[in-house]
Each structure stands twice: as C-alpha cells, then as structure tokens.
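The values are calculated or read from the model by the stated rules, or taken from the named source; none is laboratory data. All of these numbers come straight from a predicted model, not from anything done at the bench. Every residue, glycine among them, receives a Cβ derived from its backbone with ideal geometry; neighbour counts consider all protein chains shown.
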C-alpha cells in the first residue's frame, strides 16, 4: 500500500500536468466604453508611451477585423510613439491592420531594451490583413513602425503572457506537501507528549 506522502506527491504531479498552458489574449478594443485616447493600462499591457486613439465609428478604409473597435496612432507620429510595453514578458503573435495603401507597417520586438526581431512589412488596404510578428521568443515591448502613422488602424492585437512551466507547479505542490507533512508530524508528536 502506498504511503500518504507518495500518494499526495503523485496527486500533485497529476494536478500540475493538468493545469492549462498559457492562452493567447486577443485585444479587439470592442470593450472600451467610448472613442478617445486608449487607456494607459489596457489588456495587461502598458500603452503609456503609445499615442493610440480608440474609435468604433465606421470609417473606410480603416475596417475592423472583428466587432467595431480598433485603434489608430496620431497622424505623422514617430515610431517611438507607437511603443507598447508588456507588463511581464510574453510572446507576441501579431495584429490585423487596415488603412491607406502606402502606410507600410512592420513590428520591432524588444527584450530588456535590445531589439530581438523585426517582422516582415505589410502594406495595408481596406481589407484587414494579419501582420505576424514572425518571432516565437519572449519579448517585453513592441514598436509598430510605419511610413505613415495615422493612416492605418490596428485590431485584434494577439499576445500570450508568460506563465510558469508545469514543472514549477509540480515543485510548488511538492513543497506544500512537504510543509503539510512536517506540520502533521509535529502535531502528532505534540499529541503523543
């Protein structure tokens, strides 16, 4: 017969393996109450350096990918004004863009202040097109680069926040089990005395 300690350890390992992996977050901007400046903290990201405006009114060729909400930068803004910081490192899949032809777009991805990747270039149109980041590693900042800021809209910004590996959960659960086991032994020793 298995000892309770081994049973609890196996149950903890099974629970850790069952815990879900990180899921992608898609920011559609449809949940924002009204048009105007994008909040500094939105969707788990820091938009404080970014010059983004939210709008939901129809405006051709700035077609949303989903719902009505989307964001646009200030007209002729600098690339630095489109900086989006991750509160904690994660992976970035990409976003949909629509707008005027010639407002070519790309992403620059950063980790700890160092550029780690540049995406391909997208020339937007009235039909929303996905610009993939093309990078699977961790990042903590995205810059949306463009030849013509203010002439495109962004929708369905897709990223995944980093989460601990299942092994981390297993260690945590195992540690909690050991602490509980020690407490039980102390309790039984106190009762015997």
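One table, with the values for the structure above:
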| read-out | value |
| --- | --- |
| Residue tally, condition in contact (Cβ under 8 Å) with a residue 60 or more places away in the chain, in contact with a strand residue (DSSP E or B) (Cβ under 8 Å, 6 or more places away or on another chain) and not in a strand (DSSP E or B), over segment 125-151 | 7 |
| Residue within segment 83-90 that is without any contact (Cβ under 8 Å) to a residue 60 or more places away in the chain, within 24 Å of residue 32 (Cα to Cα) and buried (at least 18 other Cβ atoms within 10 Å of the Cβ) present | no |
| Total residues in segment 93-123, condition more than 15 Å from residue 154 (Cα to Cα), touching a strand residue (DSSP E or B) at 6+ places or on another chain (Cβ under 9 Å) and in a strand (DSSP E or B) | 8 |
| Selection from segment 15-70 of residues that are within 17 Å of residue 150 (Cα to Cα), assigned to a loop (DSSP other than H, G, I, E, B), over 17 Å from the mean Cα position of the chain (by Cα) and modelled with pLDDT of 90 or more | 56, 57, 58, 59, 60, 61, 62, 63, 64, 69 |
